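Here is the structure we will look at.
The values are calculated or read from the model by the stated rules, or taken from the named source; none is laboratory data. Keep in mind it's a predicted model, so treat the numbers as computed, not measured. Every residue, glycine among them, receives a Cβ derived from its backbone with ideal geometry; neighbour counts consider all protein chains shown.
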Amino acid sequence: MWEFAILDNSTPVGYMLPQHVAEMKWDNTSFKVSRAKLKIHLNPVIKPGDDIVDICRREFIQLCQKNADNLNGCFQKWLKKSSDFHPIRGLDAKLAGLVIPSAARGIFGIVTTGVHMNMFTIRGGGIYVWVSRRSQNVTYARKLDQLVAGAMDPEDNMDPLVTLKREAMEEAGLLVDIHTKMVTWRGVYVGRVTSESLISFYDQKDHIAGSEEGHIEPGIRYTFDLEVSPGFIPYPEEPESIDGFVLKPVEEVKRDLKNAEWKPNCGLVMLDFLLRKGVVRDDDDVNFGLLRRGLHRSLPLRIE
């Protein structure tokens with residue numbers, strides 16, 4: 001793996017696959033390539049008074065433009081708007097606020113950050129989970145997802161509740177009060193969201209990810225739960241990316257997980273939910289003892 005460093009940050013912020021380094025065009029950019037050290041170093045000229053965040057953002061955009069036809073065309077869709085950026089974790093205080101194009105996260109191997117909320121209810125003593133079906137227009141098309149899930153934006157200041165509030169409104173029309181954690185829908189009380197676990201993983205995306213096939217992802221996910229009344233029915237607010245919400249008993253959710261019906265990182269969040277609720281037991285999986293450990297992978301990068 002190649003180390004990815006930015007300016008004089010004290011630690012690397014990502015690790016890159018050799019094939020991605022080899023396919024990228026680095027000439028005439030501020031990305032310095034050291035084959036001796038196996039290192040890519042973003043090191044633009046910074047003058048007193050310069051906006052470091054803006055300079056690095058422009059360097060990333062220019063690199064994506066230069067490589068629009070490389071790497072399976074993974075930057076092409078992003079370049080149409082060039083507006084979706086992801087915060088970079090593991091930065092020293094003086095570099096806080098640096099961002100990376102979302103389409104480049106898996107090339108540079110930075111830690112991704114997301115927030116997921118499991119909505120569930122109790123019927124007849126059993127747990128039922130509201131799940132989302134992804135549309136044909138997004139990555140991992142037609143896969144299952146949490147009712148509310150999304151990546152952290154740079155403007156969220158690394159606060160998962162801020163991310164949750166935005167995503168809940170955008171995807172399901174739910175208003176989350178970040179101070180009381182009370183959730184309402186069109187002015188009606190729905191429930192109170194609870195902050196649960198932080199899971200971590202390190203994987204490589206397969207062909208189902210489309211143009212992101214082969215990208216690597218060290219990731220952390222903040223998980224929340226929201227119990228609602230049996231009579232509450234949520235409605236999707238983003239029909240272009242969500243096909244619909246479906247209420248499923250936990251046994252069906254477990255079968256869907258075994259059949260790989262879930263988007264991978266969302267499946268990990270759901271597995272965490274099922275383990276916490278005690279509905280995945282020893283006799284469900286021969287590797288039961290490894291499940292909890294697998295949801296808390298040690299990452300080779302700083303996550304603060």
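Under 9 Å between Cβ atoms, which residue pairs at least 6 apart in sequence (or on different chains) link something in the range 1-28 that is polar (S, T, N, Q) with a partner that is loosely packed, with under 14 Cβ neighbours inside 10 Å? Going by the 9 Å Cβ cut-off, the qualifying pairs are Asn9/Asp92; Asn9/Lys94; Ser10/Asp92; Thr11/Asp92. Selection over the range 77-92 of residues that are at pLDDT 95 or above and either in contact with a Phe, Trp or Tyr (Cβ under 6 Å, 6 or more places away or on another chain) or not aromatic (Phe, Trp, Tyr) (or both) gives a count of 8.
Residues that are in contact (Cβ under 8 Å) with a residue 40 or more places away in the chain and within 17 Å of the chain's Cα centre (by Cα) number at least 1 in the following strands (runs of 3 or more DSSP E) confined to the range 165-230: 194-204, 216-227.
The rows are residues; the columns are (1) out of contact with any Ser or Thr (no Cβ under 7 Å at 6 or more places or on another chain); (2) under 29 Å from Lys258 (Cβ atoms); (3) loosely packed, with under 14 Cβ neighbours inside 10 Å.
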residue: Leu147; (1), (2), (3): no, yes, no
residue: Gly150; (1), (2), (3): no, yes, no
residue: Pro154; (1), (2), (3): yes, no, no
residue: Leu174; (1), (2), (3): yes, no, no
residue: Tyr189; (1), (2), (3): yes, no, yes
residue: His207; (1), (2), (3): yes, yes, yes
residue: Glu213; (1), (2), (3): yes, yes, no
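Please verify whether Gly14 is over 19 Å from Asn157 (Cβ atoms) and either at pLDDT below 95 or in the same structural domain as Leu147 (by TED's automatic domain parsing) (or both), treating the condition exactly as stated.
In short, no.
Name every residue in the range 176-187 that is within 12 Å of Pro234 (Cβ to Cβ) and crowded, with 18+ Cβ neighbours inside 10 Å, in order of residue number. Val183, Trp185 - these are the residues of the range 176-187 that are within 12 Å of Pro234 (Cβ to Cβ) and crowded, with 18+ Cβ neighbours inside 10 Å. Taken over the range 94-113, the residue count meeting the criterion of being under 20 Å from Pro160 (Cβ atoms) and either without any contact (Cβ under 8 Å) to a residue 60 or more places away in the chain or in contact with a helix residue (DSSP H, G or I) (Cβ under 7 Å, 6 or more places away or on another chain) (or both) is 7. All of (1) of a type in the set (Val, Ile, Thr); (2) out of contact with any strand residue (DSSP E or B) (no Cβ under 8 Å at 6 or more places or on another chain); (3) modelled with pLDDT of 95 or more hold for Ile220 with one exception: (2). Just one of the listed residues (Ser195, Ser229, Ser211, Ser200) is hydroxyl-bearing (Ser, Thr, Tyr), assigned by TED's automatic domain parsing to the domain that holds Met270 and closer than 20 Å to Lys143 by Cβ, namely Ser211. Give the range 1-53 a look and list any residue that's among the acidic types (Asp, Glu) and under 23 Å from the mean Cα position of the chain (by Cα), or say none. Result: Glu3, single match.
Residue-by-condition table, conditions (1) in contact with a Leu (Cβ under 8 Å, 6 or more places away or on another chain); (2) more than 30 Å from Met24 (Cβ to Cβ):
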site: Ile88; (1), (2): yes, no
site: Lys94; (1), (2): no, no
site: Val111; (1), (2): yes, no
site: Thr121; (1), (2): yes, yes
site: Trp130; (1), (2): yes, yes
site: Asn137; (1), (2): no, no
site: Pro154; (1), (2): no, no
site: Asn157; (1), (2): no, yes
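Within the range 68-87, the set of residues being among the hydroxyl-bearing types (Ser, Thr, Tyr) and surrounded by fewer than 14 Cβ atoms within 10 Å (Cβ to Cβ) comprises Ser83 only.
Once the range 4-25 is narrowed to residues that are among the small types (Gly, Ala, Ser) and over 21 Å from Gly219 (Cβ atoms), the residue that is surrounded by the fewest Cβ atoms within 10 Å (Cβ to Cβ) is Ala22.
Restricting attention to the range 239-273, the residues being surrounded by 15 or more Cβ atoms within 10 Å (Cβ to Cβ) and assigned to a loop (DSSP other than H, G, I, E, B) number 3. Taken as a whole, the condition of being in the same structural domain as Arg192 (by TED's automatic domain parsing), surrounded by fewer than 15 Cβ atoms within 10 Å (Cβ to Cβ) and at positive phi applies to Arg142.
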